[in-house]
């Protein structure tokens, strides 16, 4: 994210904007202290769920929550888990997920989750306790400069210094997290401020005066972009995570199908276009499909929507879409030409700009031969894998088997590593908000707490977490939360007794020196699940996969399936770091 802000609010500062909502009826709402003002601000915003861990400095806010029937608090096992759960919740609801922690280690434990949300532009608001203002800067017990720590990884970090204004500060932080390009915000709450007396009832959530959003692109820019796209003979759409966050998937599908333009997605954009459609080339980048990478490398006009062109997508910038004119649609002007030069920049909301393009574009590009070429690449580089009887289970088989058991709107969460790539490659995503993962930061351990947040946000949808043994061990304590809350989630551990992606890179680029990447011992995850109170399963053979997955899925509560996969299986296709996407490897000897 750009334009990070650290803000200290005082009585004289205003949070009034054109986006201001109606002030609550003060006859029916009253507050007596800063903590009650904080909670009232959350109520004004329509918050229903919070994820957090209690502690000394945040205790006044928790006390204010005590009598609130409309606010459900999920007590997490670790503050990082609270941030990841709020992150997934925010992605699925479109409203900021709320996480809470105390001062010092509580706040610093949230930071990884906030950095993750920042990299992926996910709406989150963090509320952290802080030592009393007269102790700030004196190295008091559990004191940390939370604003200073989180400033680089949030849209804005606020230090609240007045009980009379703290509610409005929280409202502003909430509004800022969701408006425009989403992202995390934080409000640091000194204990004397939350305990301080006030009768000031906060406004509804409002964005600050400096926050401006361009929803539609300039008409002249749209006209120029349409001309380039109409004249293209090898046009391609690149759909990023901004399409999903901008609720523009339907507009994307309409535009692509109406004009018969093939579609590639980024990893965060998975689900924005149905992968079973004939125009779909699935996702591109380091471990994207061969046909997606070939299409990007040979297109002559690339309509990129809601993507920041990160290095895992582009490989070497000089070889990315080398012959293409780039039309870049993004709501954040700072992303335009940051990594890839935009020949036609269109600054605006994805859904609005796509509608502008659809309205302005009369004729589809003459691209029948190009579509045939894309189909040829699909046939030449299929996502196939072998299942020899004399080798251990292949993880791809497990992913596909679980996909067959679940409805199209099932939500998949993952940790980070090889299992994440297999879940992205071999599950067929047809709807937005069905793929929830850590992309920019690559945070191991994201999957399980994200599954908790996802299930709280969408209790009527199936939630499946694919995790690796290494990734799961980082946040497995959150399984206690899933059991305590009675959350019906299924965790599938693709267990190769290693930090698999590190091992794969060591084999490929470090002459097979497997330093600190393999485990001599891993716990029995099925037994561990039972100890937590969940249902545990173990799978080692192909024939056991369908029935075991079905039993895990049918279990009413959290279940864990420990699947022992081929420890030597690697993720392909693969583009070496900084390499040419058109020169992807299909095996280690091609790297």
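Here are a few things to note about the model shown:
- Calculated mean residue ellipticity at 222 nm for the chain: -10500 deg cm²/dmol, from DSSP H runs with n ≥ 4 weighted as -39500 (n - 2.57), summed, divided by the residue count and rounded to 500.
- Taking the centroid of alpha carbons for each part, the range 334-385 and the range 403-434 are 23 Å apart.
- Over the chain, Cα pairs under 8 Å with separation of 6+ residues give a relative contact order of 14 percent.
- Three semi-axes describe the equivalent ellipsoid of the range 234-337; taken as square roots of 5 times the Cα gyration tensor eigenvalues and ordered largest first, they are 18, 16, 13 Å.
- Across all Cα atoms of the range 35-122, the radius of gyration (one decimal) and Dmax (whole number) stand at 12.3, 36 Å.
- DSSP bridge analysis restricted to the chain gives an antiparallel fraction near 5%, rounded to the nearest 5.
- Size descriptors for the range 308-415, from the alpha-carbon set: Rg then Dmax equal 19.8, 58 Å.
- Rounded, prolate or oblate (a/c below 1.5 giving rounded, otherwise prolate when a/b exceeds b/c) for the range 5-195 by Cα gyration tensor: rounded
- Overall form of the chain per C-alpha gyration tensor (a/c, 1.5; a/b vs b/c): oblate
- Inter-centroid distance (Cα atoms) of the range 87-135 relative to the range 158-190, Å: 11 Å
- Descending by average beta-carbon neighbour count within 10 Å, the peptides 546-552, 256-262 line up as 256-262, 546-552, the highest first.
- Sorted on the mean count of surrounding Cβ atoms within 10 Å across their residues, most packed first, peptides 263-270, 207-214 read 263-270, 207-214.
- Histogrammed with a bin width of 5 Å, the alpha carbon distances of the range 431-520 distribute as 3, 13, 21, 20, 17, 11, 7, 5, 2, 0 percent, first bin at zero.
- Peptides 49-57, 535-543, ordered by how many other C-beta atoms sit within 10 Å of their residues on average, highest first, read 49-57, 535-543.
- Whole-number D in µm² s⁻¹ for the range 395-572, Kirkwood Cα-pair radius fed into Stokes-Einstein, 4 °C, 1.567 mPa s: 81 µm²/s
Rule-based calculations on the coordinates, nothing more; no lab input. If you're wondering where the values come from, they're calculated on a predicted model, not measured in any experiment. Using ideal geometry, Cβ is built from the backbone for each residue, glycine included, and neighbour counts are taken over all protein chains shown.
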